[in-house]
Amino acid sequence: MSEAPIFQRLALIGVGLIGSSIARAARLTGVAGSIVATARSEATRKRVAELKLANAVVDTNAEAVAGADLVIMCIPVGACGETARQIAPHLARGAVISDVGSVKGSVARDVAPHLPDHVHFIPAHPVAGTEHSGPDAGFAELFINRWCILTPSAETSAHAIERLTAFWKAFGAKVECMSPDHHDLVLAITSHLPHLIAYTIVGTAEELGQVTSSEVIKFSAGGFRDFTRIAASDPTMWRDVFLSNKDAVLEMLGTFNEDLSKLTRAIRRGDGQALFDHFARTRAIRRGILDVGQDSSAPDFGRPHAELPPLPRPYSSE
Ligand code: NAP
């Protein structure tokens, strides 16, 4: 529990996986004096109230932001501009306005023009998530040891950045600032392209003629199932990510296609050395990720393995 709240009143607009994780972490840590939440649908607002994720659940964005000194939009990237337009006249003087969107350039462009000069706009992206959605999917520990990237402009108040940094650090996150465009380039290769590949390969498997869908599912432990987890991610969120980060994704996709062509050629020519060298390099990258604690080193992602069954009767000594 922190000694004094960093913000007096936190307004959450959108309470899905990320919004509800923030609400849970904020309640546990005491970083906000009170939490006011709203969501687009009545069903979600009702569920947020049932789960007691906020001190108050209100029907409109305008009611949610009134008197709040921190406002976080936890909604799809494509909805941030219109939401900013709606809340702008109701924002408290000196409030920090932020978001959690997976793309930053488009959010900065869509939101900033609507906001009054008397607030501090600091776009943010907690690089943490799961393939689940909705207020039931969140958990307070989601941000522990994960990065939260802030993309303030050069003119943003240092004090406002410090407060938002302290807020995310209270959840166990590590915070780094960079420009929105640099964020989008980094995330295009580390997150957006891997999702596109997963969506592609799972779709391809479904369309195969000679291998039945039941065989794809049955033998999925060969690697396919790890792609299916990523490809189960929210369609609305990922549609918006690719539409909003088009240029960086297309640039990375161009490089990826060239590298795929090189590997295709190595396989066609039987160039085992090229394949081995490539795979050895990528294995070292995996080791690097484990070294900095960004994943578990447990084999098979720490999945539990069943015990060996007893030997069938005719062979057992019983
Ligand atoms: P989520 O679980 O699907 O929740 C989305 C929330 O946004 C819900 O409250 C939903 O309201 C609301 N919403 C949906 N469309 C809206 C619209 N057009 N206008 C206003 N509100 C709308 O999504 P999430 O995973 O929390 O993602 C939220 C944001 O976090 C996205 O910008 C995403 O890029 C970012 N993010 C996600 C992850 C991840 O792994 N999921 C990680 C980091 C960042 P209703 O429930 O009422 O429909």
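The values are calculated or read from the model by the stated rules, or taken from the named source; none is laboratory data. Worth saying up front: this structure is predicted, and the values here are computed from it rather than measured. Because the Cβ atoms are built from the backbone with ideal geometry, glycine has one as well, and the counts that use them run over all protein chains shown. What goes into the accessible areas is simple: the full protein's heavy atoms, side chains included, and nothing from ligands, DNA or RNA. Shrake-Rupley method; radii C 1.70, N 1.55, O 1.52, S 1.80 Å.
Hey, what do the phi angles of the stretch 287-301 turn into as Karplus ³J(HN,Hα) couplings, whole Hz, using 6.51/-1.76/1.60 and θ = phi - 60°, x for Gly and Pro?
Ordered by residue, 3J(HN,Hα) equals 4, x, 5, 5, 4, 8, x, 8, 7, 7, 8, 4, x, 6, 6 Hz.
What are the ³J(HN,Hα) couplings of the stretch 145-152, residue after residue, when phi is run through the Karplus curve with 6.51, -1.76, 1.60 and θ = phi - 60°? Round to Hz, x for glycine and proline.
6, 9, 7, 10, 9, 9, 10, x
Gaussian network model of the chain, Cα springs within a sub-10 Å range: biggest mean-square fluctuation belongs to which of HIS182, HIS305, HIS125?
Highest fluctuation of the listed residues: HIS305.
Counting only other residues whose beta carbon sits under 13 Å from that of LEU253, what net charge do I get with K and R as +1, D and E as -1?
Net charge around LEU253: -3.
Can you give me the % of accessible surface on the chain that is carbon or sulfur? Probe 1.4 Å, all protein chains present, nothing else counted.
For the chain, the apolar C and S fraction of the accessible surface comes to 57 percent.
Within the stretch 157-237, list the chymotrypsin sites (Phe, Trp or Tyr not before Pro) lying in a DSSP loop whose Cβ has at most 15 other Cβ atoms in a 10 Å radius.
When the chymotrypsin sites (Phe, Trp or Tyr not before Pro) of the stretch 157-237 are filtered for loop state and at most 15 Cβ neighbours within 10 Å, PHE219 remain.
How high is the relative contact order of the stretch 110-226, given as a whole-number percent (alpha carbon pairs under 8 Å, six or more residues apart)?
For the stretch 110-226, the relative contact order is 21 percent.
How about LYS262: which lysines have a C-alpha closer than 26 Å to its C-alpha, ignoring those fewer than 8 places off in the same chain?
LYS246
Give me the net charge for the shell around ALA112: Cβ to Cβ below 15 angstrom, other residues only, Lys and Arg +1, Asp and Glu -1.
-3
Let me check I've understood the local charge: for ASP184, count other residues with C-beta under 9 angstrom from its C-beta, Lys and Arg +1, Asp and Glu -1. What total comes out?
With Lys, Arg at +1 and Asp, Glu at -1, the net is -1.
Hey, what D do you get for the stretch 7-178 in µm²/s if you plug the Kirkwood alpha-carbon radius into Stokes-Einstein at 4 °C and 1.567 mPa s?
Details: Rh = 15.5 Å.
Result for D is 84 µm²/s.
Just ASP247, ASP277, ASP234 to compare: in a GNM of the chain, with alpha carbon springs under 10 Å, which one fluctuates most?
ASP277
Mind checking the per residue accessible area of the stretch 182-293 for me, 1.4 Å probe, whole number of Å²?
Each residue of the stretch 182-293 exposes 68 Å² on average to a 1.4 Å probe.
A 23 angstrom limit on the alpha carbon distance is what I want to check against. Which of LYS46/LYS104; LYS46/LYS174; LYS104/LYS169 exceed it?
LYS46/LYS104; LYS46/LYS174
Can you tell me the relative contact order of the chain? Whole percent, Cα pairs under 8 Å, sequence separation 6 or more.
15 percent
Mind listing the long-range amide H neighbours of CYS148? Cut-off is under 5 Å, sequence gap 5 or more, other chains count too, H placed in the peptide plane at 1.01 Å from N.
Long-range HN contacts for CYS148: VAL127, LYS174, VAL175, GLU176.
Could you tell me the relative contact order of the stretch 182-293? Use alpha-carbon pairs under 8 Å, at least six residues apart, and round to a whole percent. Could you put the intermediate results ahead of the total?
On the way: 41 pairs, mean separation 36.0, N = 112.
Relative contact order, the stretch 182-293: 32 percent.
How much area per residue is accessible in the stretch 7-178 when the probe is 1.4 Å and only protein heavy atoms are counted (Å²)?
Normalised by residue count, the accessible surface of the stretch 7-178 is 40 Å².
Return the single residue from ALA173, ALA49, ALA221 with maximal mean-square fluctuation; model: Gaussian network over the chain, springs between Cα atoms under 10 Å.
Answer for the Gaussian network model of the chain: ALA221.
How large is ³J(HN,Hα), in whole Hz, for each residue of the stretch 214-228 in order, when computed from phi with the Karplus curve 6.51 cos²θ - 1.76 cosθ + 1.60 and θ = phi - 60°, using x for Gly and Pro?
Karplus values, whole Hz, x for Gly and Pro: 5, 5, 4, 5, 4, 9, 5, 5, x, x, 4, 5, 5, 5, 5.
Convex hull over the alpha-carbon atoms of the chain: what's its volume per residue in Å³?
Once divided by residue count, the hull of the chain is 208 Å³.
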